[in-house]
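The values are calculated or read from the model by the stated rules, or taken from the named source; none is laboratory data. Since we're looking at a predicted model, the values are computed, not measured. Here the Cβ is made from the backbone with ideal geometry for all residues, glycine too, and neighbour counts use every protein chain on show.
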Amino acid sequence: MSSNDSPASRLATRLAFFIGGFGMSCWAPLVPFAKARLMVGDGLLGLLLLCLGAGSVAAMWIAGLLCAHFGSRPVVGTASVVSALMLPVLAFAPTPISLGLALLLFGAAVGSLDVAMNVHAVEVERASPTPLMSGFHAMYSVGGFAGSAFMTAALSLRLTPLLATLPAMALILAAAGLGWPRLLRTTRPEQRGPLFVMPHGLILIISALASITFLSEGAVLDWGALLITGAGLLPRAQGGLGYMVFSVAMTAGRFGGDRLVARIGDGATLFWGGLLTIAGYAMLLLAPAAALALGGFLLVGLGASNLVPVLFRRAGRQTVMPAALAIAAMTTAGYGGMLVGPALIGFIAHASSLRVAFWLLAGLICLVPATARWISPAARRTRRWPAGTGRRPG
């Protein structure tokens with residue numbers, strides 16, 4: 001076992017992913033309280049929420065540069081602490097300007113952590129005899145569920161938003177403190193390179209697929225409930241069941257994803273995962289009953305669960321540009337898809353219908369299995385799992 005692949009480094013990586021999911025999900029239950037506290041309308045609130053995404057996207061490339069030249073450890077540690085410290089600020093920011101600035105900084109911390117933890121995960125997995133990336137991403141899903149559940153429970157107990165964020169901040173700081181000594185201290189020499197490399201070739205394809213996959217997840221989050229309630233399959237009060245099924249399926253799929261990848265390889269995982277996602281959308285859109293529609297959400301969650309982890313692995317294994325910058329490019333494209341995509345779906349739905357928008361989304365997902373075989377040979381040239389793991393190449 002390499003020094004980079006140890007129980008300590010794996011624990012540190014899992015904690016980083018948990019912090020990423022937990023911190024981000026703690027903000028969502030605070031949004032209604034922020035709107036009421038500042039007495040702002042939906043339009044201004046939308047602009048404030050845009051600050052979160054803008055801060056994330058703006059910081060990602062810088063985080064990639066820092067990881068490439070100094071390693072992921074300082075970026076993971078700093079971003080974790082800043083995201084924790086910003087939670088109470090988000091809970092009491094007294095003016096729209098102060099909240100917007102807080103969201104910019106919080107978004108920058110979250111975006112930086114997203115890049116750095118994936119760079120660290122690639123380093124740990126690189127030395128491992130078996131795949132690890134899906135399991136790491138599963139911890140992000142667990143953190144997301146834990147954060148939203150924790151904050152919702154605290155607010156339901158009639159704690160003020162500020163008091164509710166204090167134990168959440170303490171938990172993130174404790175997790176960061178536990179993980180910090182176990183984070184890798186070294187940077188691979190090949191990651192040190194020019195400050196800017198224009199993404200091209202394989203990285204452009206991987207980034208495009210990441211954008212589509214993140215768009216799919218964002219569409220289910222923002223529009224899934226409206227799709228099934230608008231079709232009369234479920235009452236509005238139960239519209240959230242679809243996303244709940246999707247989230248559980250995605251988390252379960254990621255926990256089993258490393259074993260799946262070790263058995264069939266990255267290329268087959270992309271191919272069959274993409275097909276399963278398409279089948280899930282078709283089932284959801286054609287379902288005559290609620291049970292079948294929920295089954296569609298289940299298939300979409302299972303199919304999409306390991307697409308992003310595999311794409312991050314491929315970005316970290318290629319040799320056309322520094323791995324940290326490739327991961328930053330992919331993460332930026334993914335966030336772009338998640339931020340802009342749901343709005344585009346809204347425009348398409350307004351021009352035609354929500355069902356047409358989701359059919360177009362299913363068509364975009366077809367690019368995943370269509371390009372899986374093309375990505376696979378490049379993956380084989382840059383990485384082979386050691387013999388005896390049961391993994392077939394690509």
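Regarding Gly111, is this residue outside the structural domain of Ser247 (by TED's automatic domain parsing), under 18 Å from Met244 (Cβ atoms), touching a Gly at 6+ places or on another chain (Cβ under 7 Å) and assigned to a helix (DSSP H, G or I)?
No: the conditions fail for Gly111.
Quick check on Gly295: is it buried (at least 20 other Cβ atoms within 10 Å of the Cβ) and at pLDDT 90 or above?
Against the criterion (buried (at least 20 other Cβ atoms within 10 Å of the Cβ) and at pLDDT 90 or above), Gly295 does not qualify.
Going through region 107-142 one residue at a time, which ones are among the hydrophobic types (A, V, I, L, M, F, W, C), closer than 18 Å to Leu49 by Cα and touching a Ser or Thr at 6+ places or on another chain (Cβ under 6 Å)?
Of everything in region 107-142, those that are among the hydrophobic types (A, V, I, L, M, F, W, C), closer than 18 Å to Leu49 by Cα and touching a Ser or Thr at 6+ places or on another chain (Cβ under 6 Å) turn out to be Ala109, Val110.
Quick one: in region 141-166, of everything that is β-branched (Val, Ile, Thr) and closer than 15 Å to Val31 by Cα, which residue is farthest from the chain's Cα centre (by Cα)?
Per the stated criteria, the residue is Thr160.
Could you list, in sequence order, all residues of region 308-327 that are of a type in the set (S, T, N, Q) and out of contact with any Leu (no Cβ under 7 Å at 6 or more places or on another chain)?
Passing the criteria: only Thr319.
When the residues of region 345-358 are narrowed to those that are hydrophobic (A, V, I, L, M, F, W, C) and touching a residue at least 60 places away in the same chain (Cβ under 8 Å), which ends up surrounded by the fewest Cβ atoms within 10 Å (Cβ to Cβ)?
Looking at residues that are hydrophobic (A, V, I, L, M, F, W, C) and touching a residue at least 60 places away in the same chain (Cβ under 8 Å), I get Ala349.
Please verify whether Leu44 is under 22 Å from the mean Cα position of the chain (by Cα) and surrounded by 14 or more Cβ atoms within 10 Å (Cβ to Cβ), treating the condition exactly as stated.
In short, no.
So if I check each of Leu171, Leu221, Leu209, Leu233, which one is modelled with pLDDT of 85 or more and closer than 29 Å to Val81 by Cβ?
Residue meeting the stated conditions: Leu171.
Please go through region 1-41 and give me each residue that is touching a residue at least 40 places away in the same chain (Cβ under 8 Å), of a type in the set (Val, Ile, Thr) and either surrounded by fewer than 15 Cβ atoms within 10 Å (Cβ to Cβ) or part of a loop (DSSP other than H, G, I, E, B) (or both), ordered by number.
Result: Val40, single match.
Any residue in region 42-62 that is of a type in the set (Phe, Trp, Tyr) and under 23 Å from Met151 (Cα atoms)?
No, every residue in region 42-62 fails to be of a type in the set (Phe, Trp, Tyr) and under 23 Å from Met151 (Cα atoms).
Whether any residue in region 317-327 is at pLDDT below 75, surrounded by 18 or more Cβ atoms within 10 Å (Cβ to Cβ) and outside the structural domain of Phe70 (by TED's automatic domain parsing) is what I want to check.
no
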